[in-house]
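The block underneath contains the structure these notes are about, expressed in structure tokens.
The values are calculated or read from the model by the stated rules, or taken from the named source; none is laboratory data. On a predicted model such as this, the values are computed, not experimentally measured, just so you know. Methodologically, a virtual Cβ is constructed for each residue, glycine included, from the backbone with ideal geometry; neighbour enumeration extends over all protein chains shown. Remember, those area values only see protein heavy atoms, side chains included, never the ligands or the DNA or RNA. Shrake-Rupley method; radii C 1.70, N 1.55, O 1.52, S 1.80 Å.
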Amino acid sequence: MKTIALVGNPNSGKTTLFNALTGANQHVGNWPGVTVEKKEGILTFNKEKYKVVDLPGTYSLGAYSEDEMVARNFILLDRPDVVINVVDATNMERNLYLTTQLLEMGVKVIVALNMMDEAAEKNIKINMDKLSKQLGTLVVPTIASKKNGIKDLIRVSVESIKGNYSYSQKEISYGKEIDAQIEKIREVLESSSMSVQYPYQWVALKLLENDSYMNELIKDNQGSTVLNMVQESIDHIAATNMEPEFIIVDKRYEFIANIVKEAVTKPSEEVVTTSDRIDKIVTHKWFGLPIFALIMFIVYQLTFTIGEDILGEAVAGGIESLAENVGILLGNINAPEWLIAFVSEGIFGGIGAVLEFVPLIMVMYLLFGILEDSGYMARAAYVMDRIMRSLGLHGKTFISMLVGTGCNVPGIMATRTLDSKKDRMIAMLINPFISCGAKLPIYLVFIAAFFPEHGGLVLFSLYVFGFLVALLMGKIFSKTLFKGEPSYFIMELPPYRMPTVKGVLLHMWDKVSSFLKRAGTVIFTVVTILWVLSVLPYGVEPHSQASILGKIGTFIAPIFKPAGFGTWQASVGLFAGIVAKEAVIATLGMVYAGVEEGTRLVMAIQEVFTPLTAVSFMIMTLLYTPCAAVIGTIRRETNSRKWAIVTVFYTFAVGWILSVLVFQIGKLLGFS
Amino acid sequence: MNTPLLFFPQGEKGIVSKIMGGRKIDKRLYEMGLNTGSEVQVIKNDAGPIIISLGGSKIALGRGLAQKIIVSQR
């Protein structure tokens with residue numbers, strides 16, 4: 001199948017364009033060996049299928065980050081049949097920088113000049129013919145959010161794949177001196193026996209740019225003589241001028257400036273846009289933070305009302321009647337006793353308890369998706385930077401925390417945008433305190449049992465509490481283990497955009513489907529094992545303290561006595577939660593399913609817990625040891641087993657101490 | 001007159017004359033379009049990171065970094 005690759009700056013509308021090209025026909029995975037998300041989709045045109053690959057959004061194609069490496073390796077090594085470069089028409093000077101690097105690679109580029117509507121709004125006029133001629137590439141104007149120009153773009157791409165266009169892409173000159181050095185290095189590379197898979201011209205350029213990856217690659221190929229020569233060239237140029245790497249960047253911008261001068265007319269005075277007006281308020285010195293808190297509060301409140309009260313009830317009812325019917329059906333076909341028990345207790349009691357929360361998770365991700373796609377999240381990080389900095393943390397730590405509210409695994413991976421090791425280590429170690437989506441069902445069951453009137457408020461408070469503990473630990477880490485100043489803060493604030501329905505729904509589906517997948521695999525396995533353990537040894541009263549599971553729980557339980565929930569059931573639940581947090585509720589659902597005929601989990605919980613122990617249990621689940629996937633991610637990202645083990649124990653200690661404190665102080669104050 | 005970006009008042013425009021954030025950061029800023037000779041306008045400069053407008057897009061820069069970006073007033 002022919003391949004089309006999409007490249008572009010972050011916020012250039014690349015993902016929206018990808019969605020417009022492929023529809024719901026897409027697949028998200030990981031690039032091999034790295035944790036960068038890989039998005040692929042299928043485009044059908046004239047009954048022929050094309051693979052569309054959405055490369056990570058980058059400003060450049062250097063070796064600065066894994067994103068950039070993934071994008072440039074795909075273009076040069078996987079050789080897509082055509083590369084569509086998505087360019088934000090309102091900010092060509094900056095977006096064309098990536099284009100210049102594509103031209104350097106010598107690949108066939110089609111420029112999708114996107115957001116033409118916003119450019120028109122800003123009174124920016126672009127001469128397509130001139131632009132196309134100056135770059136030597138095809139240029140197609142598009143408005144991805146309104147699906148304008150998509151057909152043209154597809155047609156042009158297909159024509160290009162079929163070889164119906166002859167490309168005469170421009171070569172960039174970096175000035176006589178550097179051009180000569182590139183030529184010299186290229187010749188040496190060509191005559192050497194070295195086997196690098198990249199074009200020599202491009203390798204020569206990258207070597208002069210001091211590209212760390214390319215330096216390593218040449219070194220590994222016994223190319224030390226080449227590297228010595230490159231260093232001579234660099235020193236030679238730097239003696240009379242700037243370092244070549246900066247000259248090269250300058251020359252690229254010069255090339256761009258000439259094109260923009262020819263092809264683009266901009267109004268001399270910039271118009272004050274709606275974005276500017278909104279920013280005046282939401283990034284305000286005093287109002288910024290309260291506005292952010294209010295927005296988050298509304299998000300949780302809405303999540304609760306729509307997700308739980310309206311949709312959740314319906315789904316719970318559906319699952320219950322399904323359970324009944326399946327039970328009757330199994331009885332009718334004379335299924336063995338143990339199978340009926342497993343299906344009703346393990347599957348419906350356990351996994352069903354988890355699935356009841358799918359609507360809630362859907363609503364929450366829908367709202368988060370809207371906030372993210374609208375551009376507000378970047379403002380939230382901006383507003384939080386001041387607080388973060390006063391704690392000795394980097395502002396972007398907050399973004400990794402926000403991502404962590406979905407799942408701590410991507411949250412920890414999001415810390416890669418932090419440049420300094422110190423900032424990154426702290427951000428990774430505190431991320432597990434951020435409550436993830438999998439912990440939601442736990443709170444919801446306990447809220448339904450004890451605080452049904454104040455659901456949104458309790459949920460919001462738990463999240464805030466998690467953030468506070470994370471920030472406090474961050475402060476402690478930055479004062480003790482990882483000293484030094486936080487590194488510089490650089491972040492783009494994209495203009496506000498109306499999120500597209502499709503984009504938000506796809507984003508939500510990504511999360512929900514992975515939640516469902518986990519329910520079907522990991523959670524299913526855990527529940528099965530626990531169910532077996534809870535009915536063995538043979539002949540024991542199922543799900544009783546005498547079962548193997550009961551004995552394990554009884555053994556752990558005393559640890560949790562000071563926190564008020566020293567029952568074997570709660571202990572087993574927490575224990576299972578280390579495999580996956582969804583398993584906490586699945587386990588409780590299973591072990592309490594047999595408490596009394598027809599008693600739902602919530603009612604069982606009301607009998608064994610009190611409001612105070614419910615709070616201390618929720619705090620424990622909020623803070624204690626993260627799930628295996630998170631521990632594994634910390635191990636991989638820190639590249640150290642030590643930090644993974646430290647995380648396991650210190651988070652447990654923090655969770656235990658705080659839940660004990662809550663319970664003991666609560667008791668003293670007369671709560672029960 | 002050359003002044004660090006940090007001391008630029010809100011609304012003021014200037015041309016970047018020098019960036020001294022260290023090799024890695026300099027390259028990063030260069031590639032984001034903030035290089036010597038580019039025109040910037042300070043959108044917000046009160047508390048927290050400074051927001052500048054660069055070719056129509058907005059970039060937030062920490063105050064520490066803003067001290068190391070030298071801008072000449074127009």
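Which one of B:Ile50, B:Ile25, B:Ile59 has the biggest mean-square fluctuation once chain B is modelled by GNM with Cα springs under 10 Å? Per the Cα network of chain B with a 10 Å cutoff, B:Ile25 tops the list. Placing +1 on the Cβ of each Lys and Arg and -1 on the Cβ of each Asp and Glu in region A:3-161, which of A:Met92, A:Phe74, A:Val156 has its Cα farthest towards the positive end of the resulting dipole? Of A:Met92, A:Phe74, A:Val156, it is A:Val156. The accessible-area ordering, largest first, of the residues A:Glu171, A:Glu159 stands as A:Glu171, A:Glu159, per a 1.4 angstrom probe.
Among the residues of B:60-68, the average count of other protein chain beta-carbon atoms within 10 Å of the residue beta-carbon is 5.
Taking all protein chains as they are arranged and a probe of 1.4 Å, the heavy atoms of A:Thr405 leave approximately 10 Å² accessible to solvent. Counts of other chain beta carbons within 10 angstrom of each beta carbon in peptide A:391-397 average 1. Computed about the Cα centre, the dipole magnitude for chain A is approximately 420 debye when only Lys and Arg (+1) and Asp and Glu (-1) carry charge, each at its Cβ.
So what's the net charge close to A:Glu582: Lys and Arg +1, Asp and Glu -1, counting the other residues with Cβ under 11 Å from its Cβ? Taking every Cβ under 11 Å from that of A:Glu582, the sum is +3. If you take the Cα centroid of region A:209-229 and the Cα centroid of region A:58-85, the two points sit 20 Å apart.
Given the -39500 (n - 2.57) contribution per DSSP H run of 4+ residues, what per-residue ellipticity at 222 nm results for the protein assembly as shown, rounded to the nearest 500 deg cm²/dmol? That comes out to -17000 deg cm²/dmol. Toward the positive end of the charge dipole of chain A, with +1 on the Cβ of Lys and Arg and -1 on the Cβ of Asp and Glu, the farthest Cα among A:Ile259, A:Leu322, A:Thr647 is that of A:Thr647.
With the simple spin-label model, which puts each label point 7 Å out from Cα in the Cβ direction, the A:Gln545 to A:Lys51 separation comes to 5.9 nm. The Cβ shell under 13 Å around A:Asn215 holds other residues with a net charge of -3, Lys and Arg each +1, Asp and Glu each -1. Relative contact order, whole percent, for region A:545-626 stands at 23, derived from Cα pairs under 8 Å and 6 or more residues apart.
The alpha-carbon of B:Lys58 sits under 12 angstrom from the alpha-carbons of these aspartates and glutamates, leaving out residues fewer than 8 places away in its chain: A:Asp276, A:Asp279, A:Glu492. Per-residue SASA remark: A:Val53, around 0 Å² accessible (1.4 Å probe; ligands, DNA and RNA not included).
Between rounded, prolate and oblate, where does region A:548-672 land on the alpha carbon gyration tensor, with a ≥ b ≥ c its root eigenvalues, rounded for a/c under 1.5, else prolate if a/b exceeds b/c? Oblate is the answer for region A:548-672, as a/c is 1.5 or above yet b/c matches or exceeds a/b.
Sequence-distant contacts, meaning Cα pairs under 8 Å at least 6 residues apart, place the relative contact order of region B:2-73 at 46 percent. Look at the Cα gyration tensor of region B:2-73: its axes a ≥ b ≥ c give a/c under 1.5, and that counts as rounded. Taking the DSSP bridge list for chain A and keeping only pairs wholly inside it, about 45 percent are antiparallel.
Axis of helix A:501-518 versus longest Cα principal axis of chain A: the two differ by about 50°, to the nearest ten degrees.
Computed with a 1.4 Å probe over protein heavy atoms only, the accessible area of A:His507 comes to about 40 Å². The overall shape of chain A is prolate: from the C-alpha gyration tensor, with semi-axes ordered a ≥ b ≥ c, the ratio a/c is 1.5 or greater and a/b exceeds b/c. Heavy-atom accessible area with a 1.4 Å probe sorts A:Thr22, A:Thr610, largest first, into A:Thr610, A:Thr22. Simple spin-label estimate for A:Glu40 and A:Gln301 gives 4.5 nm between the two label positions (7 Å along the Cα-to-Cβ direction from each Cα). For chain A, the relative contact order works out to 10 percent when only alpha carbon pairs closer than 8 Å and six or more residues apart are counted.
Solvent-accessible surface of protein heavy atoms, probed at 1.4 angstrom with all chains present, puts A:Lys176, A:Lys51, A:Lys130 in the order A:Lys176, A:Lys130, A:Lys51, largest first. Cross-link check: pairs A:Lys133/A:Lys162; A:Lys14/B:Lys44; A:Lys511/A:Lys581; A:Lys206/B:Lys27; A:Lys483/B:Lys18 evaluated at a Cα-Cα cut-off of 18 Å; pairs beyond the cut-off: A:Lys133/A:Lys162; A:Lys14/B:Lys44; A:Lys483/B:Lys18.
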